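*Asks:* Input: one structure, supplied below.
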Amino acid sequence: MLLGKLWNKILATISIINIIVILHHLFTRLNQGGKKNIKLIILVTIYVFTCALRSIWPRADGPGLCIHDNYVSTPFVGRCFTTIAEISFSIFVVSVTNIILESFKSMNGINVIQKLNNSMVIFISIAQIFCWIGIITQDPSYNVIEESIWTIFGTVMLVIYLTLYSKIDILPSTPELKKIKSIIPIILIVCTIYILFMTYNDVPMYFKRAKKQKENNVQYNSLYDGIQEMKKCKKVTSSYQEWKNDIPWLTFYFTFTVWGTIYILKWVEKFQKLR
């Protein structure tokens, strides 16, 4: 119990710091009268705030776990916030990639890459649908599909940036391309770690849950019953044993992903000053 509570407090503290950082960034830009990147800042702010809510009041939708018994912790409220945040995150990643792609206008096949990139928002929106079905019915098989789509999202980004990196030296050198060349290796490393994490931790976790439920002939919820269940937590506990399967991905999600998003936001702002 103590270990679970400690994990919760550490994540909550980090998240409050993240909120302060992004709000300071937002208000600084507004005071400066700059509106060029407000869309990106708002998208990141939505994402940071939602991750903070989920850090302070953690929940695990699959097993229906909550550490705190309150309205914000309920699966329904949490999933509504998370859906908005994850779509915002996908729009942010796609928007940043489009900004970078503007420097590759002369490259052959750039239109195909742009279309592939833009389609990722639709992919993530579809992933949200599968996630909702999985949570409502309590059938982890749908979450396997959801997490697989997120893995495809990371793989597509890896392929896009690998393609750009392989072509960047062929194009005429500019300050923009030099800055892009310095960030792409970091993006490639992050994408690779993300894909490995999803492949060896997240997707198998839901697959094992689905297999176990089928072996035990678990009855899944109807649409109505599932929505009613989402209005309350199944089990309120801070036991590490109960949370240990979800702690790795929740911790990664609420720390490194948030920090990476803020870092990329600031990188884009510096990048655009070169134009």
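*Asks:* Go through (1) within 30 Å of THR28 (Cα to Cα); (2) not in a helix (DSSP H, G or I) for PHE256 and report which single condition fails.
*Replies:* Going through (1) within 30 Å of THR28 (Cα to Cα); (2) not in a helix (DSSP H, G or I) one by one, PHE256 breaks only (2).
*Asks:* Still on this structure, please answer the following. Please pick out the residue among ILE87, ILE67, ILE20 that is at pLDDT 95 or above, β-branched (Val, Ile, Thr) and under 29 Å from GLY226 (Cβ atoms).
*Replies:* Among ILE87, ILE67, ILE20, only ILE87 is at pLDDT 95 or above, β-branched (Val, Ile, Thr) and under 29 Å from GLY226 (Cβ atoms).
*Asks:* Separate question: Which of (1) open to solvent by 40 Å² or more (accessible area, probe 1.4 Å); (2) hydrophobic (A, V, I, L, M, F, W, C); (3) over 30 Å from LEU171 (Cβ atoms) does VAL112 not meet, given it meets every other one?
*Replies:* Unmet for VAL112, out of (1) open to solvent by 40 Å² or more (accessible area, probe 1.4 Å); (2) hydrophobic (A, V, I, L, M, F, W, C); (3) over 30 Å from LEU171 (Cβ atoms): (3).
*Asks:* Open to solvent by 50 Å² or more (accessible area, probe 1.4 Å) and within 24 Å of GLN228 (Cα to Cα), is that true of PHE76?
*Replies:* When the stated conditions are applied, PHE76 passes them.
*Asks:* Please go through the range 235-253 and pick out each residue that is exposed (fewer than 14 other Cβ atoms within 10 Å of the Cβ) and either outside any strand (DSSP E or B) or among the aromatic types (Phe, Trp, Tyr) (or both).
*Replies:* GLN241, LYS244, PRO248
*Asks:* Moving on. Identify, by number, the condition in (1) β-branched (Val, Ile, Thr); (2) at pLDDT below 95; (3) assigned to a helix (DSSP H, G or I) that VAL156 doesn't meet.
*Replies:* (2)
*Asks:* Oh, and also: Within the range 83-93, track down each residue that is open to solvent by less than 10 Å² (accessible area, probe 1.4 Å) and either free of Cβ contacts under 8 Å to residues at least 40 places away in the same chain or not in a helix (DSSP H, G or I) (or both).
*Replies:* Of everything in the range 83-93, just one residue is open to solvent by less than 10 Å² (accessible area, probe 1.4 Å) and either free of Cβ contacts under 8 Å to residues at least 40 places away in the same chain or not in a helix (DSSP H, G or I) (or both), namely ALA85.
*Asks:* Right, here's the next one. Would you call ILE170 β-branched (Val, Ile, Thr), out of contact with any Cys (no Cβ under 9 Å at 6 or more places or on another chain) and part of a helix (DSSP H, G or I)?
*Replies:* no
*Asks:* Here's something else I'd like to know. Check whether at least one residue in the range 175-184 is within 22 Å of the chain's Cα centre (by Cα), open to solvent by less than 60 Å² (accessible area, probe 1.4 Å) and not polar (S, T, N, Q), and report yes or no.
*Replies:* Yes, some residue in the range 175-184 is within 22 Å of the chain's Cα centre (by Cα), open to solvent by less than 60 Å² (accessible area, probe 1.4 Å) and not polar (S, T, N, Q).
The rows are residues; the columns are (1) open to solvent by 30 Å² or more (accessible area, probe 1.4 Å); (2) free of Cβ contacts under 8 Å to residues at least 40 places away in the same chain; (3) of a type in the set (Gly, Ala, Ser).
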{"position": "LYS5", "(1), (2), (3)": "yes, no, no"}
{"position": "ASN8", "(1), (2), (3)": "no, no, no"}
{"position": "ALA12", "(1), (2), (3)": "no, no, yes"}
{"position": "SER15", "(1), (2), (3)": "no, no, yes"}
{"position": "ILE22", "(1), (2), (3)": "no, no, no"}
{"position": "ARG29", "(1), (2), (3)": "yes, yes, no"}
{"position": "ASN37", "(1), (2), (3)": "no, no, no"}
{"position": "LEU40", "(1), (2), (3)": "no, no, no"}
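The values are calculated or read from the model by the stated rules, or taken from the named source; none is laboratory data. All values derive from a computational prediction rather than experimental measurement. Every residue, glycine among them, receives a Cβ derived from its backbone with ideal geometry; neighbour counts consider all protein chains shown. Protein only, heavy atoms only, side chains kept; ligands, DNA and RNA dropped before computing areas. Shrake-Rupley method; radii C 1.70, N 1.55, O 1.52, S 1.80 Å.
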